[in-house]
Structure formats: structure tokens, C-alpha cells
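Notes follow once the structure below has been shown.
The values are calculated or read from the model by the stated rules, or taken from the named source; none is laboratory data. The shown structure was predicted, so the numbers you read here are calculated from the model rather than taken from an experiment. For neighbour counting, all protein chains shown are included, and Cβ atoms are generated from backbone atoms with ideal geometry for every residue, glycine included.
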Amino acid sequence: MRHSGLSLLRARARPPRTGILRALADGCSGRESGPGDRRGGGFRRGAMAVHAVRELLAGSVSAGAEVTVQGWVRTRRDSKAGMSFLHVSDGSCFDPIQVVAPNSLPNYAEEVARLSTGCAVVARGSLVASQGAGQTVEIAADAIEVVGWVDDPETYPVAAKRHTFEYLREIAHLRPRTNTFGAVARVRHCLSQAIHRFYHERGFFWVHTPIITASDAEGAGQMFRVSTLDLVNPPRTPEGSVDFAQDFFGRESYLTVSGQLNVETYCCALSKVYTFGPTFRAENSNTSRHLAEFWMIEPEIAFADLNDNADLAEQFLKYVFEALLSERADDMKFFAERIDKECVARVEKFVAASFERMTYTEAVAHLEKAVAKGKKFEFRPSWGIDLQSEHERYLSEELVGRPVVVMNYPKEIKAFYMRLNDDEKTVAAMDVLAPGIGEIIGGSQREERLEVLDRRLDEMHLPKEAYGWYRDLRRYGTVPHAGFGLGFERLILYATGMGNIRDVIPFPRTPGNAAF
RNA sequence: UCCUCGGUAGCUCAAUGGUAGAGCAUGCGGCUGUUAACCGCAGGGUUGCAGGUUCGAGUCCUGCCCGGGGAGCCA
């Protein structure tokens, strides 16, 4: 291959030029000579800027301009009028650009006419108004360089047609080349950026809580052990149990199931903080809503109570969804057309409507009233037991028809760190339930009173000595504070209407599956 | 982990216990400023794996593996 991968990378790595900057660059073509110029061989991008397909389709480049695009062939159609039509995608936006390759190109018969789905190409030509329907502009090609062929088109797993998601999961390394997974990747990026922007604009600090933790009592499910001990012949204590004192960290350690306990320490110093990082649960959960490795956002605010927490959750979700609607209209249009007709309307409604808020006690009353009216649940709702999936669905989908914040749950079914309410029966916990996915956010006001926290630890038979530093926060300048956790992939499910959480993360990790 | 449905060509799916098929994809030919193009021809199979019943099993039985949906756990 004549083309060096490095020069490709360099060319692509240039920051996008917009507005005046691009005008300067276009008018001063000498500045654009990059590594591509120094390559040998016949194809020279030379003085031309490499354009993202997004820029060309958005109309930010005027017709008649000389342009170069780099990308992968989606489809090739030949016309006996003496040309081939290539749809080339570079992933910068949903749509590919049409490249019209005349048979007068020197490599037409040898190369262009043999292009198949998946081939990597660099196309140079002028941007012109399209004669055909389906696109406003296209590239009348002067040159097409084939950078990477598809070995054997018959075995290329991603045909230009519909595939099932189950099949595409088996080729996770190639599925980003499909419409759906390209769109998911861009939506995922958009939401990630919007999340950071939301918190940054409000004075929150992003805190990098640890991935590895020695706290085996974070209380959120089964954990993955982290160890460098010899699994076959581990060191033993005189009593015969595994001697973790000889392990890497000198004690048992795990992958984190939550950054919350750690981020509380920074909350009680920087006031407004959040985490955004990977989280691990070793639960044997085989559902479309669970991953063993997922990303979680956990804001934590000081001098705040549960209502402040619910306000934050509502503003937060609305902000990132507004960003999604305005920045990824192309991808959202695709999801609405092919994946879930309701998704755009649902997100728009989400942004416009206020969240319903009710207490757990009220929620149970609603459910009992529904049962009295003949609603059938597999599990009978009753005060004191946790809400089942079917109950959560009824509340958000049928009763209210939009997100619901359920607050103040019985203390028996919630974690030790949640603040005990004055009734001594409930804690200041909240779940945000969204139609279609159920619990999208779980959070609480934290117990800031040391003596109450200790009482809760005792009640739940948790060892106080394991929570030394956590208890210190309550001894030294304690303040009311609150926070919540948002499962990032569940956010994407809700926004896009995708049905399975394994399809909104690049490389899903689930029980029995860590390929790729 | 439990319940339930499924596993047949590269992909999506048909096939009463009796010669294993179609569409798409791929290759070749035709036609065309094409756009999920269209028309014709061709190649392509250890029916998830292992046993069993039967003259005969893709089909029935047993076990296992893998996948979907639902539940639990949760985000």
C-alpha cells in the first residue's frame, strides 16, 4: 500500500476549520500542504483541504470548490452512461456523500469499477449540485485513490443491507460502519460532551474517582476481584484461608461499583462535583438493560437536600436532551425512522414537561388504587416492599406518561448512607423512572449526622471500622449533601429507542462475553 | 440464576417424519444520472453439538452449548 497510515492520521487529526479560519486556509492553499504532499506515487492531495463529509453536506463549502474526502465505500452503483456512483461515508455525520466517478479516470476499469462495500478511498474532485434526487450536492471526481481493499467481498460481514443486532454483536469490530452504530457512536459522544458542559457551566468539578477499590462494602452488588495472586496456588494464612495480605494492595480489592463514597469527600470540599467513568458489576444479569461494565455519572452537591437533588436531575436530563436534539438531528431522524418512531417526540416532550414527583407512600397508594380498579400485577404492591419493574412501568408509562421521581422509600429497602427522615421509617432516597426503561436515576440525600449513620451501620450489621474515612466526613464540618447516579447507557437507550443496552456501548461486557 | 421462545446457505427466513428452498448478499452478463436500483444466469449446506427412536430425522426424544424476550439484582 503506497499510502502511509500515519499521513492519513495526521490529515484527519487536524482540527476542523470553520468560518474565518477555513476561509483563510482556503485562500492560502500553501498552508494546506501537509504530509500528503511528501508521499510518492501518483495521487496527490497537494494543496487541497481534506473535508469532513459533514461540512460538505451542511453547505459550508460553496459549489465549485475543489474538495477531498476520505472514507469508506457504502455502496457502488454503475451506470452505462459512463460512470459509477459511490456512497462514501467518513462517519462525520449520518449521511454518506455521493461521489460520481467517470470512466475517464485512469484507474476506472482496474480499480473504481471493482470497489465494493467497505473499501477505503480518498476521492478528490469538485463539489457540484447533484443532478439526481436524494442529495443536494455531490463530488464530481477527478481522482479516486483506493487506500484499502476488501480482501474478499463475499466474506465481508457488513453487507449494504439490514442486519439483525444479534448478528452485528458478533462482529463488534465492524458494526460501527453501519448506519445504526455510527449514529449511536455520535449520539454517545454528543451526550458525553453535553454532560461535561452542563456541569462545567454550573461550576461543578469532574473528580476522577478510583477504578480499583478496597472497600468491599460499597453495597451495590457483586464485585470483580482485582488480584495478582496465583489463582492456582495462592498464599495461605496459618488457618488455611487465602492470605490477601500478600496480594498487590495488601488487602482484598475490587473494581468499583460506584464512585459515590469517594466523590462525597470532594463534595465536602469543592461543593459541587461529579464523576463520569466506568463502573463494574459482577452480577449474573442477563437482560437488555444490564452490563457488567458500564459508564455512570454521579453528581454530588453540598448544602443540598433531596429536593435540590431532584431539581438537579431534572435540569441535567433536560439539558443533555436539548443538546442532543439540536446537535444530532440527523442521527435522531434516523432513529425515529428506523428504530423507534416515538423517540424524537419522546425526547422533545421530556424537555418540555416537568417531572412528576410523588412519595413512595403515594406511589404505593396509586398502585393499590389501580389494583382495586382491576389492574393486574404479578406482584401485589404493598407498603414496605420495593417497587417491581411492572410497578415502575405502570407509574411512568400508564399513570403519568412521563418521567416520575419517586421519593422517600422505606429505610429497610435502601442503602445505609441514605438520610433518615423524621418519620424514622423512610429515607431521603429518590428514583427517576422513565417510560420504556424504568429506573434511569437512583439517588439520595446522604446521612450527614454521625450518630444516625452509626445507628444505620449497626442496624445493617456493617462494620464501622471499614467506613473510617467516610465517617470522618461526618465528624469534621459535616453538611447536608446529596447526589445521584445516572447509567449512561440507559440514557442512550431512552433517547434513541434502541432496545438492547449491548448495542449502545462500543464493546459490551456481559456474563460470558468479553470478546473484542 | 429462573421462566419462555429460538438455532437451516455469508445475512434474513421457509420446508406434513419421505430428494433442503427463497429473498438479499457475492460473481458473471444485460439495462440505467444511479441512490435498499432493476432483469437474467451461476456458485454457495456436516440443518448449533453429542447421543437416541425410526426402514427413513431439519422435523420426534434426552443432554449440553449459544442467542432473543421476560423476571430477579440494579444504573
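Quick notes
- Output for the stretch A:111-151, where each listed residue is out of contact with any Ser or Thr (no Cβ under 8 Å at 6 or more places or on another chain) and more than 12 Å from RNA strand B (Cβ to nearest atom): A:Glu111, A:Ala120, A:Val121, A:Ala143, A:Ile144, A:Glu145, A:Val146, A:Val147, A:Gly148
- Within the stretch A:390-418, being over 27 Å from the mean Cα position of the chain (by Cα) and acidic (Asp, Glu) holds for A:Glu398, A:Glu412.
Residues are listed down the side, and each one gets a yes or a no for (1) of a type in the set (Val, Ile, Thr); (2) over 22 Å from A:Phe181 (Cβ atoms):
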position: A:Arg281; (1), (2): no, yes
position: A:Ala292; (1), (2): no, no
position: A:Ile297; (1), (2): yes, yes
position: A:Asp308; (1), (2): no, yes
position: A:Ala313; (1), (2): no, yes
position: A:Glu337; (1), (2): no, no
position: A:Met358; (1), (2): no, yes
position: A:Lys369; (1), (2): no, yes
position: A:Lys376; (1), (2): no, yes
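- So A:His196, is it out of contact with any helix residue (DSSP H, G or I) (no Cβ under 6 Å at 6 or more places or on another chain), surrounded by 13 or more Cβ atoms within 10 Å (Cβ to Cβ) and outside any loop (DSSP other than H, G, I, E, B): yes
- Of all the listed residues (A:Val184, A:Val232, A:Val242), the sole one being of a type outside the set (Gly, Ala, Ser), more than 16 Å from RNA strand B (Cβ to nearest atom) and surrounded by 15 or more Cβ atoms within 10 Å (Cβ to Cβ) is A:Val242.
- The number of residues in the stretch A:408-421 being within 14 Å of RNA strand B (Cβ to nearest atom) and without any contact (Cβ under 8 Å) to a residue 40 or more places away in the chain comes to 4.
- Candidate set from the stretch A:458-510 (those that are more than 9 Å from RNA strand B (Cβ to nearest atom), of a type in the set (Gly, Ala, Ser) and more than 17 Å from A:Phe321 (Cβ to Cβ)); member that is surrounded by the most Cβ atoms within 10 Å (Cβ to Cβ): A:Ala482
- Residue satisfying all of: in the stretch A:394-407; in contact with an Asp or Glu (Cβ under 8 Å, 6 or more places away or on another chain) and assigned to a loop (DSSP other than H, G, I, E, B); farthest from RNA strand B (Cβ to nearest atom) among these: A:Arg402
- Residue selected from the stretch A:360-393 under the condition more than 11 Å from RNA strand B (Cβ to nearest atom) and aromatic (Phe, Trp, Tyr), by the criterion farthest from A:Asp308 (Cα to Cα): A:Trp383
- Residue within the stretch A:281-293 that is closer than 22 Å to A:Tyr417 by Cα and among the β-branched types (Val, Ile, Thr) present: no
- Scanning the stretch A:156-168 for residues that are surrounded by fewer than 18 Cβ atoms within 10 Å (Cβ to Cβ), more than 6 Å from RNA strand B (Cβ to nearest atom) and not in a loop (DSSP other than H, G, I, E, B) yields one hit, A:Phe165.
- Of the criteria (1) more than 16 Å from RNA strand B (Cβ to nearest atom); (2) surrounded by fewer than 23 Cβ atoms within 10 Å (Cβ to Cβ), which one A:Gly442 fails: (1)
- Considered as a group, the residues in the stretch A:96-110 that are of a type outside the set (Val, Ile, Thr) and near RNA strand B (Cβ under 10 Å from one of its atoms) include one that is farthest from the chain's Cα centre (by Cα), and that residue is A:Pro102.
- Residue ID - modelled with the highest pLDDT, chosen from residues in the stretch A:91-141 that are among the acidic types (Asp, Glu) and touching a strand residue (DSSP E or B) at 6+ places or on another chain (Cβ under 7 Å): A:Glu138
- Every residue from the stretch A:257-297 that is away from RNA strand B (no atom under 11 Å from the Cβ), in contact (Cβ under 8 Å) with a residue 24 or more places away in the chain and farther than 21 Å from A:Leu491 by Cα: A:Leu261, A:Asn262, A:Val263, A:Glu264, A:Thr265, A:Tyr266, A:Cys267, A:Cys268, A:Leu270, A:Ser271, A:Lys272
- Taking the stretch A:117-129 as the range and being polar (S, T, N, Q) and either farther than 16 Å from A:Val88 by Cα or buried (at least 16 other Cβ atoms within 10 Å of the Cβ) (or both) as the test, only A:Thr117 passes.
- Residue pairs meeting the criteria (Cβ under 9 Å; at least 6 apart or on separate chains; first at negative phi and in contact (Cβ under 8 Å) with a residue 24 or more places away in the chain, in the stretch A:120-149; second within 14 Å of RNA strand B (Cβ to nearest atom) and of a type in the set (Phe, Trp, Tyr)): A:Ala120/A:Trp72; A:Ala120/A:Trp149; A:Val121/A:Trp72; A:Gly132/A:Phe85; A:Glu138/A:Phe85; A:Ile144/A:Tyr108; A:Gly148/A:Trp72
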